[in-house]
1. GNM, the chain, Cα, under 10 Å: largest mean-square fluctuation among Ala120, Ala129, Ala159?
2. Counting other Cβ atoms within 10 Å, which trypsin sites (Lys or Arg not before Pro) in the range 81-140 have at most 14 and lie in a DSSP loop?
3. Three principal axis extents, largest first, for the C-alpha atoms of the range 257-362, in Å?
4. Using a simple spin-label model with points 7 Å from Cα along the Cα→Cβ vector, what separation in nm is obtained for Ile145 and Asp373?
5. Treating the beta-carbon of each Lys and Arg as +1 and of each Asp and Glu as -1, no other charges, what is the dipole magnitude of the chain about its Cα centre, to the nearest 20 debye?
6. From the list (1) 1.07; (2) 1.11; (3) 1.33, can you say which value of Rg/Rh (Cα atoms, Kirkwood Rh) was derived from the structure given?
7. Round to the nearest 10 and give me the degree value, 0 to 90, for the angle of helix 166-182's Cα axis relative to the longest principal axis of the chain.
8. Please identify which residues in the range 8-40 have an amide N closer than 16 Å to a label point set 7 Å out from the Cα of Asp182, following the Cα→Cβ vector.
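What follows is calculated from the coordinates using simple rules that are stated; it is not laboratory data. Since the structure is predicted, the reported quantities are computational estimates derived from the model, not experimental observations. FYI the Cβ positions are ideal-geometry reconstructions off the backbone, even for glycines, and counts take in every protein chain you see.
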Amino acid sequence: MKIHEYQAKQILAKYKVPIPAGDVASTPEEAEAIAARLGKRVVIKAQVHVGGRGKAGGVKLAETPGEAKVMASQILGMNIKGLTVEKVLVEEAADIAEEYYLGITVDRAARRNVVMVSAAGGIDIEEVAATAPEKIAKLHLDPAIGMMDFHTRILAEEAGLNPAALRPASGFLKALYKAYVDVDASLAEINPLVLTKDGKLIATDAKINIDDNALFRQKELAELREQQEEDPIEAEAHRRGLTYVRLDGDIGILGNGAGLVMTTLDVVQREGGKPANFLDVGGGAKAEQVTNALDTVLLDKNVKGVLFNIFGGITRCDEVAKGILEATATMNIQVPIVIRLTGTREKEGQELLRGSNLIPAASMQEAARKIVDLVEAP
């Protein structure tokens, strides 16, 4: 789950991270009032869940409250990468001497959190990683130890931070890690961390993504979710209690078990198809769940065919077959559906499907070939 910059800064402020004074505005008049209260040059920043705001014109400086009102009126209502700007952050503009990057995320290959520090902050860190990876210092953390003082010193020195910033940067890193762990984040960034001309460090931008799987224990943060900024089908799937991720293909994928679904995506891809989604109907899927899942997949108008890949362990194949038949009987389905059923009550499930318009397959590979051929057929 993504949260806005101002919300991420509010979290970091609880860990004593210095942030610019400011507030959020929904109208140009509110932006003007905030700028007047601050009494300094301000920056007006669009609050949307995407990067590249500055390049899109969503970040502007204002010298006076009147300018802040004008700049806010230009930014509010903007469309940035498909999202409408409904709020802006108005805060004191920093007197920048240098800009750094601090970040923590999950390195799934290493199965550890990785901390990254760079003296090349203020720009897209992915670009730095691609063109000048030597400018990013990285350190994988042992989860049993966490972030220690010597870790922060090593990172800051390897990144080439200004000597005057080494000691205070250590405090920022420890606070960022503490916040990252406490809120169950999958990503926490300060970019840029600004060294001002008078030698102070301040977090002028922040980004925190919360692990969706931890929202059950992060109830306050869960309330910050803004469904209008999510993919509408993913948002509907979440409301229905489904594990669904929308992709950019045209073959709907349904399976039971995350591993099986991911394998199905790979097999369809190898056969030349493009999966439209990931959808795990769960380990004990009943007919009602399957009907609900199929309906969700078909909300995507790009879907030209559907592949069911069901292994009956806890799940009974005949229950899945009932669900598919119920769905196809009540829905106006205009796309082919290929079904692979194997495992518990497999024969009963296949018998239920006999005589229907549903297309059986004996193996996952056969099912993938059939649905790809059907989708690509003229």
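1. Ala129
2. Those satisfying the criteria are Lys81, Arg108, Arg111.
3. 31, 30, 22
4. Calculated label separation equals 5.7 nm.
5. Result for the chain is approximately 420 debye, rounded to the nearest 20.
6. (1)
7. Roughly 30 degrees between the two axes.
8. The answer is 8-19.
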